[in-house]
Amino acid sequence: MTLNKDIKRYIDQSVLCWLATSSSENIPNVSPKEIFTLYDDDTIIIANVASPQTAKNIKENPNICLSFIDVLVQKGYQLKGKARVVSKNDAEFTALETPILKITDGKFPFASIFKITVESAKPILAPRYLLYPEETTEASQIESAKRSYGLK
């Protein structure tokens with residue numbers, strides 16, 4: 001699946017994403033990831049800074065769900081697909097590492113990279129957009145979120 005401009009925009013605007021995995025025993029795990037980026041039109045890469053359970057689960061079961069939102073606008077996407085753990089000794093590691101090093105300036109060590117091939121995408125919207133579509137704008141959501149988070 002090719003990721004459209006809107007999905008790419010929300011990837012760029014999001015500070016964190018949440019990666020959900022499941023073990024071979026179907027025990028779910030979800031954890032926030034700070035270092036992630038688009039690699040190509042259907043691939044997202046995430047630095048494995050401190051996620052041994054996520055890595056274990058991906059090796060056992062490659063099915064994942066990745067979510068990210070712009071917390072002020074309260075919109076984002078849920079992506080589903082397959083993940084793979086790319087280790088430092090894998091041939092493609094160096095190519096995948098380059099965009100991650102640009103993000104981190106080399107300040108975050110990472111054990112491996114989670115390479116996600118996206119198969120489907122679904123928008124995430126705050127319920128207010130659906131319940132009150134006539135009066136809900138991105139600007140009003142931003143103002144509401146700023147009040148909720150105590151931002152000026």
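Throughout, read-outs are computed from the coordinates displayed, never taken from laboratory work. Quantities reported herein were computed from a predicted structural model and do not represent experimental measurements. Quick reminder, even Gly has a Cβ in these numbers, built from the backbone with ideal geometry, and neighbours come from all protein chains shown.
How high is the relative contact order of the stretch 1-129, in percent, with contacts defined as C-alpha pairs under 8 Å that are six or more residues apart? Can you show the working numbers first?
Values: 260 pairs, mean separation 37.8, N = 129.
Normalised by residue count, the contact order of the stretch 1-129 is 29 percent.
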Loop GluC sites (Glu not before Pro), the stretch 1-64, which have at most 11 other Cβ atoms in a 10 Å radius of their Cβ (DSSP): GLU25
Do any trypsin sites (Lys or Arg not before Pro) in the stretch 39-146 lie in a loop, going by DSSP, with at most 11 other beta-carbon atoms within 10 Å of their beta carbon, and if so which? LYS88, LYS107
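Per residue, how big is the convex hull around the C-alpha atoms of the chain? Give it to me in cubic angstrom, could you?
134
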Gain upon complete extension [LYS152, ASP90; 0.36 nm per residue less C-alpha separation]: 17.7 nm
Rounded to the nearest 10 degrees, what's the angle between the helix 138-149 long axis and the longest principal axis of the chain, both from Cα atoms, 0 to 90? 80
Efficiency of FRET from Cβ geometry, GLN13 and ARG128, R₀ 22 Å, rounded to 0.05: 0.75
How long is the gain from LYS5 to PHE108 if the chain were fully straight, where each residue apart is worth 0.36 nm and the alpha carbon distance is subtracted? 34.2 nm
Show which lysines lie in cross-link reach of LYS115 when reach means a straight Cα distance below 21 angstrom and same-chain residues fewer than eight apart are skipped. LYS5, LYS8, LYS33, LYS56, LYS59, LYS80, LYS82, LYS88, LYS102, LYS107
What GluC sites (Glu not before Pro) in the stretch 75-152 are in a loop by DSSP, with at most 14 other Cβ atoms within 10 Å of the Cβ? GLU92, GLU134, GLU135
